[in-house]
Amino acid sequence: MAGIKLVNVDKSYDGKNWIIKDLNLEINDEEFVVLVGPSGCGKSTTLRIIAGLEDATDGDVYIGEKRVNDTPPKDRDIAMVFQNYALYPHYTVYKNMAFSLKLKRMDKKEMDERIQAASEILGLKPYLDRKPRALSGGQRQRVALGRALVRQPAVFLLDEPLSNLDAKLRNQMRSEISKLHKRLKTTFVYVTHDQVEAMTMGERICVMNEGRIMQYDKPQVLYDQPANLFVAGFMGTPQMNFIPGVLKKDDSGWSVEEKGHRHLIPEKKYADVDLTPFEDKNVVIGVRPEKLNLAEKDSVGLAGTVDLVELLGAEAQLLVNYNDTLLSAIVPVHSNLEIDAPVTLAFDMNDAHLFDQETENAIFN
Amino acid sequence: MSKRSPGLRRMQRRKTYTKVFAVFIILLFLFISVFPFVWVLTTSFKPSSEIFGSRTAFNMIAENPTTEHYQYVLGKGLPKAIFNSFIVSIVTTLYVIFVATLSAYLISRFRFKGKRMLLGLVLAVSMFPQMIIVGPIYNMFYGLGILNSYWVSLAYSSITLPTAVWIMVAHFKSIPISLEEAARIDGAGMMRTLSHIIFPLAAPGVFTTAIMTFIASWNEYLLTFTLNTDKEFHTVPVAITSLRTQFTILWGQIAAATVIVIVPTLIIVLLFQKQIISGITSGAVKE
Ligand SMILES: Nc1ncnc2c1ncn2[C@@H]1O[C@H](COP(=O)(O)OP(=O)(O)OP(=O)(O)O)[C@@H](O)[C@H]1O
Ligand SMILES: [Mg+2]
């Protein structure tokens, strides 16, 4: 059982480009943390630094109470599941799981017990004598998990373990991994670039971009109170709409002025924030597509033309060209809209987020 | 569809023509490459009188087939040459495999300065005409006093090693690094990872390389001819060329000896052609 702590970790492969810059991350014991971010943002690198497959160029890595910078991977009490599974192709399922235990010189009986138990949990019993080649993608995935499981590590590290599976299997394995976590009560660090996976699995999510942590919090907090434009845009599909404007103050209070519209900000939104530093500055309004509705006939709102209607099932996603920005709105299917038809959208400022355009940080949520 | 359109029919006719043409080309090519072997084979069973007779010279099948040429060459020094060939080829193969495997593994796994340059150099060396390096190698062997010995294997390997390294590098590259990382996390050290994970997976590559090296050494002529002038150390290809008298070339015996040299190569290729081809091409595409 162990938590993980990264303190001021930097990483560069060539001494010039910094892949990870000043990363501080604390993962509690028994926690399920998801590292998420766009491709190339350094998720795998972070995970590999924890695993010991890469050295941190600077900074300290702790697993449990122990600083492990100089500890080889095998002594870090971790197990890793790779994106391509990395099963030993010439070994049977059983031997794949036995490999690490044999190296630990575990006695045969205990080894067998562990392997039987793990394959019971993962439903691998019928396949123990098969080689990986003769398994389906989902079964291989289970073997990879099993190989980690038998070691009974303090920390599980998983690097996009589901990305090679089809959508249905991915859903199934997703909940199995979550169940596994509940059952084992060990620390899980899970890398993915899929924000849906992150939202559904993570107890806490660490959103990364360009080697930095953008926000690290519970899924609901990331969704409801994104700390910056990046997180706001990254979490949630369809993406949050961004409408640029200028923050103004007059007799009626604070408002955002935007292409002739004035969006009055309800007082309770800025009860805890001082808006004065942002007066007359460029800001961005963020509205989730679910909160952007078709306006009543003849009412004021964002008037544009329909660009695309995409059926999602019970609802439809509407893309509206509004002053050359595309806004997406989730509307009832029967709305009956045609391409290029004029349409007016409206939203309640109570549901809006506001960001400083310069720093991209949230002003209020 | 009872009637086909004329366009479709024309297209199909053209397809047939293309096919006939392709088959013709293939047959022609096969004839050109296989005929000499067939000719050598039939010649080896013809008595000398038939080989040179004006009427019988062009017969495909001998009228009075004989094994006299085989008896002659097998009684006359060829067994020693065959023995030499085996010694030299096997030693070369073992040595090349050992060196190529280790160096190719390092090249494929470690990043170091000048790696591309090194690989390019290896490739360039393998493309040097043998005639150019024979001279220096002769001087070297002369200086070391190892002319006329089985040390010729060392010279052989300078010819076969580059290709072997290239093939092995391709093979090692096709083994995902994550396997080694998994082994590392599982607690295997470098040597155990090599012996338990990497080498078993590279086995097809090692095998291919071994076979190709063996064949190349078996067929090698120039180096033995130059470095081992002593008959005692002649390999089969060289021994064959000495099958002549002052005035005549003993075609019958040469044919018989040639058949004998070809046999091992032929057996190996026929048995292992699938592995050889997949061994050469694997690593070329990502799976
Ligand atoms: N061995 C390496 N040498 C040099 N650069 C590397 C190496 N490994 C990764 N990088 C670089 O580090 C950056 C981060 O890579 P990393 O694999 O951590 O990204 P990632 O977030 O896991 O992306 P993905 O979602 O595509 O897997 C990338 O720009 C990558 O090019
Ligand atoms: Mg990655």
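Residue pairs, Cβ under 9 Å, 6 or more apart or interchain, first in the stretch A:35-48 and within 6 Å of ligand 1 (Cβ to nearest atom), second of a type in the set (G, A, S) and part of a loop (DSSP other than H, G, I, E, B). List them.
A:C41/A:G211; A:G42/A:G211; A:K43/A:G37; A:T45/A:G211
Would you mind listing the helices (runs of 4 or more DSSP H) fully within the stretch A:94-213 where at least 1 residues are crowded, with 16+ Cβ neighbours inside 10 Å, within 14 Å of chain B (Cβ to nearest Cβ) and over 17 Å from the mean Cα position of the chain (by Cα)?
Passing ranges, in order: A:108-122, A:137-149.
Which of the numbered conditions does A:V283 fail, given that it passes all the others? Conditions: (1) touching a residue at least 60 places away in the same chain (Cβ under 8 Å); (2) part of a loop (DSSP other than H, G, I, E, B); (3) surrounded by 18 or more Cβ atoms within 10 Å (Cβ to Cβ).
Among (1) touching a residue at least 60 places away in the same chain (Cβ under 8 Å); (2) part of a loop (DSSP other than H, G, I, E, B); (3) surrounded by 18 or more Cβ atoms within 10 Å (Cβ to Cβ), the lone unmet condition for A:V283 is (2).
Being within 16 Å of ligand 1 (Cβ to nearest atom) and either of a type in the set (S, T, Y) or not assigned by TED's automatic domain parsing to the domain that holds A:L103 (or both) is true for just one of A:S163, A:S178. Which residue is that?
Testing whether each residue is within 16 Å of ligand 1 (Cβ to nearest atom) and either of a type in the set (S, T, Y) or not assigned by TED's automatic domain parsing to the domain that holds A:L103 (or both) leaves just A:S163.
Can you go through A:D10, A:D29, A:D55 and tell me which one is surrounded by fewer than 23 Cβ atoms within 10 Å (Cβ to Cβ), of a type in the set (D, E, K, R) and away from ligand 1 (no atom under 16 Å from the Cβ)?
Exactly one residue qualifies, and that residue is A:D29.
Given the conditions (1) buried (at least 17 other Cβ atoms within 10 Å of the Cβ); (2) modelled with pLDDT of 90 or more, and given that A:L302 satisfies all but one, which numbered condition is not satisfied?
(2)
I'd like the full set of residues that are of a type outside the set (G, A, S) and surrounded by fewer than 17 Cβ atoms within 10 Å (Cβ to Cβ), limited to the stretch A:338-356.
A:E338, A:I339, A:D340, A:P342, A:D348, A:M349, A:N350, A:D351
The values are calculated or read from the model by the stated rules, or taken from the named source; none is laboratory data. Owing to the predicted nature of the structure, the values given are computational and were not obtained by experimental measurement. Methodologically, a virtual Cβ is constructed for each residue, glycine included, from the backbone with ideal geometry; neighbour enumeration extends over all protein chains shown.
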